[in-house]
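Here the structure is laid out as structure tokens; the discussion comes afterwards.
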DNA sequence: TTGCATACATGCATTTACGCATGGCCAACA
DNA sequence: TGTTGGCCATGCGTAAATGCATGTATGCAA
């Protein structure tokens, strides 16, 4: 009575995903394979685990329990893998970094290029996403995060403080400066209802032209003249066609951290990347904190 | 970076077994497969896990750590499997019973036959071994054990008390009775140095003809006239050519228990077998505790 | 030394698992 | 009522994992 462990992992993925396709995606196989593995597991156990429904596989109680056990097994796997990686003193093999898209596009790309040149045997994977990846689950080895504090279970190092500011195309900025009481057009992030208070103090009348859930698109819209926007100062360096709104001071924003799991503290690969990041941010500190000098 | 869980299980088996063959045996595959899985795992991790030696695979630190994690995963697997089995209210499918060889040969065989007739859909496996199988690791569902008390983690039910006595062929017994001071030949279990005290009281002069590590063989030798022996009373019923040594009273011995894991208490299959065992031992109690009536 | 047993390594044939493509079912929507 | 997109089921060809057979090294005992 030997039960295939990878079948347990498959059941876990299917309970998590709800459909064959989602589970298959998670496991990097086709859903055909998932279906067959589940079928095999059910035959071995001599009982059904899922209800086949048009909208997906509905896990029954047994499947949920199996998945819970598999989740604990998965935690064991992640832990030992972290420990093995952490003990690794080589400068070769895989290393995964996650960072906000914006940061990579605007600043980190050259650093990454330099790093890859310096350590050609390290197979660096960059996951440019704004989602919070789970370092415990080894979705990444190092994470660059913008937040007030690092998570509790992770160890972090503060790379630098940053601020954001309000920008617009030169004509828009000039018009606003000429008549602060006139209605000022804005593009805002979906999370916010209105332009920042610091801007409303000098430009009380505003009109929100559009909302965006993506900062890159928002910047593009602002450059096209759709309206003013608030954005991190570190974006300003590469956007000379956006100028600060006169009279609006930069505001403090969450600092930038580099985080890793405790188990990876000793990892040489993670260390050298962390060092490179620290050097970079120390050298470029002012780009994150100060308004660019007017040209 | 997905690591195959069954490769972890393979590493565990190899660390435990020490050689490819032992691990392969444990996993019910060929050692070729074990070797290849280990090779694959090492490639994926980018480091060696075992030293190949002429006397076997010697695990390095990493392999030991991996095995430790895999052992915890295995514990999870066993637990969930026990729970699923325990919840099973069907009277079909596999069920594993372990019991001492002697008990099965002498008494339980007809009970097992009756049980299989009554529940033809239960696929009963009987493991007739004197080794203590690990119910936690699902090596068996139910165990019949002869011991002073059930283990601490298991739940048990006392089936009956038993005693043992001293027996010999009729000529040998008659000769001893005629002259208690004469030298009496014995066959003894390897664990014991000398005949039981209860016998030495009346027959102080003894000579050990042979030692055995197997009770069946010992009985065969005694029947062939090699010497007297101590054996459980329950063996006497089927051995009319061995008679009790006169003047030697039966001695208390450890009672007989039926044990199961806590998780299996609710299992219908285990319940019905346990009930059958209890009925059997209640009905045949005296065969385990009393000397057979002389014919 | 010469078997002999036990270990690992390797090449080849087969089985097994897998991915792909097709088809059916059901719901949402025009 | 047709259409589209999301599911799942099934059949077929391929690729990967496995088993078997052979070869080699090592240690033990006659």
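Per-structure values
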item: Residue A:87 being free of Cβ contacts under 8 Å to residues at least 60 places away in the same chain and either over 23 Å from residue A:267 (Cα atoms) or surrounded by fewer than 20 Cβ atoms within 10 Å (Cβ to Cβ) (or both); result: no
item: Which listed residue, of A:126, A:96, is crowded, with 16+ Cβ neighbours inside 10 Å, in contact with a strand residue (DSSP E or B) (Cβ under 8 Å, 6 or more places away or on another chain) and closer than 27 Å to residue B:76 by Cβ; result: A:96
item: Identity of the residue in region B:1-19, more than 10 Å from every other protein chain (Cβ to nearest Cβ) and over 17 Å from residue B:74 (Cβ atoms), that ends up nearest to DNA strand C (Cβ to nearest atom); result: B:19
item: Number of positions in region A:94-111 that are in contact (Cβ under 8 Å) with a residue 12 or more places away in the chain and over 23 Å from residue A:217 (Cβ atoms); result: 5
item: One residue from B:121, B:152, B:117, B:141 being exposed (fewer than 14 other Cβ atoms within 10 Å of the Cβ) and in contact (Cβ under 8 Å) with a residue 24 or more places away in the chain; result: B:121
item: Residues that are part of a strand (DSSP E or B) and within 11 Å of chain A (Cβ to nearest Cβ), drawn from region B:86-104; result: B:93, B:94, B:95, B:96
item: Index of the failed condition, residue A:159 passing every other in (1) part of a strand (DSSP E or B); (2) closer than 25 Å to residue A:213 by Cβ; result: (2)
item: All positions within region B:42-51 that are surrounded by 19 or more Cβ atoms within 10 Å (Cβ to Cβ) and within 13 Å of DNA strand C (Cβ to nearest atom); result: B:49, B:50
item: Members of region A:20-36 that are closer than 20 Å to residue A:74 by Cβ and either near DNA strand D (Cβ under 7 Å from one of its atoms) or within 12 Å of another protein chain (Cβ to nearest Cβ) (or both); result: A:20, A:22, A:26, A:27, A:28, A:29
item: Residue list for region B:50-63, filter: in contact with a helix residue (DSSP H, G or I) (Cβ under 7 Å, 6 or more places away or on another chain) and either within 24 Å of residue A:70 (Cβ to Cβ) or within 16 Å of DNA strand D (Cβ to nearest atom) (or both); result: B:57, B:62, B:63
item: Identity of the residue in region A:52-64, part of a helix (DSSP H, G or I) and crowded, with 18+ Cβ neighbours inside 10 Å, that ends up farthest from the other protein chains (Cβ to nearest Cβ); result: A:63
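Residue-by-condition table, conditions (1) over 19 Å from residue A:103 (Cα atoms); (2) surrounded by fewer than 22 Cβ atoms within 10 Å (Cβ to Cβ):
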| position | (1), (2) |
| --- | --- |
| A:220 | no, yes |
| A:224 | yes, yes |
| A:229 | no, no |
| A:233 | no, no |
| A:239 | no, yes |
| A:245 | yes, no |
| A:255 | no, yes |
| A:265 | yes, yes |
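Since every read-out is calculated from the coordinates, none of them should be taken as a lab result. Bear in mind that the values here come from a model prediction, so they are computed numbers and not experimental data. Every residue, glycine among them, receives a Cβ derived from its backbone with ideal geometry; neighbour counts consider all protein chains shown.
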